[in-house]
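Read through the structure below, which is laid out as structure tokens, and then see the notes.
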Amino acid sequence: MGYKEFIVQNRFKDKVCIVTGGGSGIGRETALRLANEGARIVVSDINIEMGKESSQLINAIGGQAIAVKTDICSTDSITYMVEKTVSEFKRIDILINSAGIVVRGGLFSSKEDEWNKEIDVDLTGTARAIKYVAQQMRKTGGGKIVNIASAAGNIGSGAAIYSAAKGGVIALTKVLAGEFAPYKINVNAICPGFTATPLNETVREMGLEEVVEKKIPWGRWATAKDISSVIAFLASEEADYMTGAVVSVDGGFTSFIDLGPEYRQFDTMKGL
Ligand SMILES: NC(=O)c1ccc[n+]([C@@H]2O[C@H](COP(=O)([O-])OP(=O)(O)OC[C@H]3O[C@@H](n4cnc5c(N)ncnc54)[C@H](O)[C@@H]3O)[C@@H](O)[C@H]2O)c1
């Protein structure tokens with residue numbers, strides 16, 4: 001068996017993985033990818049119909065998955081998710097925190113209930129899931145946690161509360177890297193750029209796809225696959241020595257500012 005085949009088929013053999021937000025977008029793609037590489041999957045989502053669809057897709061390709069209705073804003077719901085996973089699969093090795101929403105707009109236009117909801121889902125919800133899953137991981141000798149933050153958590157975006165929540169996820173990732181190291185639990189974050197999923201369907205429906213594309217050095221939006229492959233790496237034993245890392249997967253969006261043609265012309269002048 002070649003190296004490539006081994007990696008593709010066996011990287012997550014015998015591992016048990018919970019994917020929050022596994023019913024859609026990046027979460028679904030990650031659930032499928034990890035299942036394809038041998039993991040047993042708990043698709044956790046507030047939208048149970050979508051969650052079931054993901055688990056059926058996995059079972060249809062010969063994988064093993066169940067769907068569990070979970071609201072990451074509720075501690076009872078999270079503890080049920082943990083109990084159900086352990087009763088079904090005995091342990092938890094990997095947690096992918098992909099459940100999320102986006103509240104758009106600046107602070108002036110925001111309402112307090114929008115602020116509370118965004119923070120409760122994207123930041124507190126992520127922390128809540130980690131708290132109860134990590135307690136279980138400790139009992140079995142460790143695990144891997146991958147938080148889906150955002151490019152919007154690294155740089156300011158028009159969505160003020162979303163940026164604040166994702167910035168919080170980045171800080172949480174760094175602090176937990178220290179707190180959880182004694183338990184052999186790696187905590188890393190990934191910051192996707194613009195990714196074509198239902199989350200930002202309205203951006204594309206409003207014809208803004210190309211406006212965005214022009215700002216991305218790579219010249220296109222990410223696919224959920226572009227993101228899930230890096231999540232899979234962080235969830236694998238290949239990333240055993242990585243913790244507290246914040247990995248951008250954004251086609252260069254947050255790493256390069258194009259100052260326009262005049263500046264480019266100046267920059268290429270010799271002998272200054
Ligand atoms: N799509 C992008 O451009 C992009 C960019 C950067 C970061 N992200 C982040 O990636 C993650 C996944 O986003 P996506 O693009 O796949 O979006 P998506 O809307 O396709 O999927 C999000 C999933 O989260 C679930 N969810 C929402 N609230 C929940 C709750 N309270 N409890 C449990 N599940 C809940 C939804 O039902 C949905 O299935 C999010 O955290 C998002 O902020 C997305």
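Nothing in this text is a laboratory measurement; each read-out follows from the coordinates by a stated rule. Small disclaimer: the values here were computed from a predicted structure and weren't measured. All Cβ positions, glycine included, derive from the backbone under ideal geometry; neighbour counts span all protein chains shown.
General observations
- Principal-axis tilt of helix 125-139 within the chain, Cα atoms, nearest 10 degrees: 40
- Angle between the chain longest axis and helix 160-180 axis [Cα atoms, degrees, rounded to 10]: 50
- About its Cα centre, the stretch 121-194 has a charge dipole of approximately 300 debye under the convention of +1 per Lys or Arg Cβ and -1 per Asp or Glu Cβ, with nothing else charged.
- Three-way shape call for the stretch 8-70 based on the alpha-carbon gyration tensor, with the a/c threshold at 1.5: prolate
- The residue among Leu57, Thr254, Ile41 whose Cα reaches farthest toward the positive pole of the charge dipole of the chain, with charges on the beta-carbon of Lys, Arg, Asp and Glu, is Ile41.
- FRET efficiency, Arg220 to Arg91 (Cβ-Cβ, R0 45 Å, nearest 0.05): 0.70
- Listed residue (Val68, Gly168, Ala222) projecting farthest to the positive dipole end of the chain, Cβ model: Val68
- Between 0 and 90°, nearest 10: helix 48-60 axis offset from the chain longest Cα axis: 70
- Once the chain from Ser110 to Lys13 is taken as fully extended at 0.36 nm per residue, the excess over their C-alpha distance is 30.4 nm.
- Fraction of beta bridges assigned by DSSP in the stretch 3-267 that are antiparallel (%, nearest 5): 0
- Normalised contact order of the stretch 142-209, rounded percent, pairs of Cα under 8 Å and 6 or more residues apart: 40
- Relative contact order [Cα under 8 Å, 6+ residues apart], the stretch 3-267, whole percent: 17
- Sparse-neighbour loop sites [chymotrypsin sites (Phe, Trp or Tyr not before Pro); the stretch 165-233; at most 15 other C-beta within 10 Å; DSSP]: Trp218
- Descending semi-axes in Å of the stretch 119-185, equivalent ellipsoid built from Cα gyration tensor: 25, 11, 8
- Dipole magnitude for the stretch 146-232: computed about the Cα centre from +1 point charges on Lys and Arg Cβ and -1 point charges on Asp and Glu Cβ, it is near 260 debye.
- The alpha carbon centroids of the stretch 206-249 and the stretch 62-101 are separated by 24 Å.
- For trypsin sites (Lys or Arg not before Pro), the sites in the stretch 47-115 that DSSP calls loop and that have at most 12 other Cβ atoms within 10 Å are Lys90, Lys111.
- Using just its DSSP H runs of length 4 or more, each adding -39500 (n - 2.57), the chain gives a mean residue ellipticity at 222 nm of -13500 deg cm²/dmol after division by all residues.
- Largest-first ellipsoid semi-axes for the stretch 3-267, taking √(5λ) over the Cα gyration tensor eigenvalues, angstrom: 30, 21, 19
- Note on the chain: with a GNM built from Cα contacts shorter than 10 Å, the maximum mean-square fluctuation among Gly106, Gly167, Gly23 falls on Gly106.
- Dipole magnitude (debye, nearest 20) for the chain, charges at Cβ of Lys, Arg, Asp, Glu: 740
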